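Colleague: This is the structure I want to talk about, given as structure tokens.
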Amino acid sequence: MTPDQKTEIIREERFEIVIVGKRDRDLHELIGRLDEELLERYPADEIFGLDFDSPKADETTFAVAYLGSRPVACGAFRPLEEPYAEIKRFFVERDSRKLGIASRMLAYLERKAAEAGHAVMRLETGEAQPEAVGLYSKFGYEVIPAYGEYAGCESSLCMEKKLNNR
């Protein structure tokens, strides 16, 4: 997307979150690094990505966080069967962690999902990602039984949180 196509920007000093399209170059570069990191922690058949050619990708809201002009984080949510939405492809560059970016991105995605009418946010992570589990727990996510495509995957840890719909 070109800068004039960005639909919303959240700015804090040198930090901003931008809604992007599913073909955005920065988004795909970050997702590539996410996949590399996940392959360090899990077998390839236990990594659940997102098919960008699927019609579900057209319903997904994607966001990229920038520090200055550098893309440093990404995240998305997609609708599931009501009342659920699901966090997907959530990632912060290693050298940009511990700066509050993940917290702001998660809060932003939750707000956008609530504005879209979703009452509950779900996600899948794993014990091999203790940083992610800690973040989600801090934000009020609780462990639930594995759902959907994650059922039966031993490394999957599923969580959910009720959103504050206004």
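Colleague: Would you check if Asp51 is without any contact (Cβ under 8 Å) to a residue 24 or more places away in the chain, part of a helix (DSSP H, G or I) and not basic (Lys, Arg)?
Modeller: It is false that Asp51 is without any contact (Cβ under 8 Å) to a residue 24 or more places away in the chain, part of a helix (DSSP H, G or I) and not basic (Lys, Arg).
Colleague: If you check Tyr66 against the conditions, is it at pLDDT 95 or above, within 19 Å of Ile144 (Cα to Cα) and open to solvent by 10 Å² or more (accessible area, probe 1.4 Å)? Walk me through how you get there before you give the answer.
Modeller: Values: at pLDDT 95 or above: yes; within 19 Å of Ile144 (Cα to Cα): no; open to solvent by 10 Å² or more (accessible area, probe 1.4 Å): yes.
The answer is no for Tyr66.
Colleague: Output the qualifying pairs, or none if there are none: Cβ atoms under 6 angstrom, residues six or more apart or on different chains, first residue in the stretch 122-143 and farther than 19 Å from Arg94 by Cβ, second residue open to solvent by 50 Å² or more (accessible area, probe 1.4 Å).
Modeller: Qualifying pairs under 6 Å: Arg122/Tyr84.
Colleague: So which residues in the stretch 93-111 are in contact (Cβ under 8 Å) with a residue 60 or more places away in the chain, among the charged types (D, E, K, R) and either part of a helix (DSSP H, G or I) or closer than 13 Å to Ile17 by Cβ (or both), if there are any at all?
Modeller: The one that is in contact (Cβ under 8 Å) with a residue 60 or more places away in the chain, among the charged types (D, E, K, R) and either part of a helix (DSSP H, G or I) or closer than 13 Å to Ile17 by Cβ (or both): Arg104.
Colleague: Just a yes or no: is a residue in the stretch 83-100 within 21 Å of Arg14 (Cα to Cα), of a type in the set (D, E, K, R) and buried (at least 17 other Cβ atoms within 10 Å of the Cβ)?
Modeller: Yes, there is a match, as at least one residue in the stretch 83-100 is within 21 Å of Arg14 (Cα to Cα), of a type in the set (D, E, K, R) and buried (at least 17 other Cβ atoms within 10 Å of the Cβ).
Colleague: Additional query: Name the single residue, out of those in the stretch 133-155 being assigned to a helix (DSSP H, G or I) and open to solvent by 20 Å² or more (accessible area, probe 1.4 Å), that is nearest to Glu37 (Cα to Cα).
Modeller: Of the residues in the stretch 133-155, the ones assigned to a helix (DSSP H, G or I) are 133-138, 148-150.
With the extra rule that they be open to solvent by 20 Å² or more (accessible area, probe 1.4 Å), the set shrinks to 133-135, 137-138, 148-149.
Values: Val133: 16, Gly134: 17, Leu135: 17, Ser137: 21, Lys138: 22, Gly148: 23, Glu149: 21 Å.
So, considering only residues that are assigned to a helix (DSSP H, G or I) and open to solvent by 20 Å² or more (accessible area, probe 1.4 Å), the one nearest to Glu37 (Cα to Cα) is Val133.
Colleague: Conditions first: (1) under 18 Å from Cys158 (Cα atoms); (2) touching a Gly at 6+ places or on another chain (Cβ under 6 Å). Met105 passes all but one, so which condition is the exception?
Modeller: Of everything listed in (1) under 18 Å from Cys158 (Cα atoms); (2) touching a Gly at 6+ places or on another chain (Cβ under 6 Å), Met105 misses just condition (1).
The values are calculated or read from the model by the stated rules, or taken from the named source; none is laboratory data. Not measured: the values here are computed from a predicted model. Backbone-built Cβ (ideal geometry, glycine too); neighbour counts: all protein chains shown. With ligands, DNA and RNA removed, areas are computed over all heavy atoms of the protein, side chains included. Shrake-Rupley method; radii C 1.70, N 1.55, O 1.52, S 1.80 Å.
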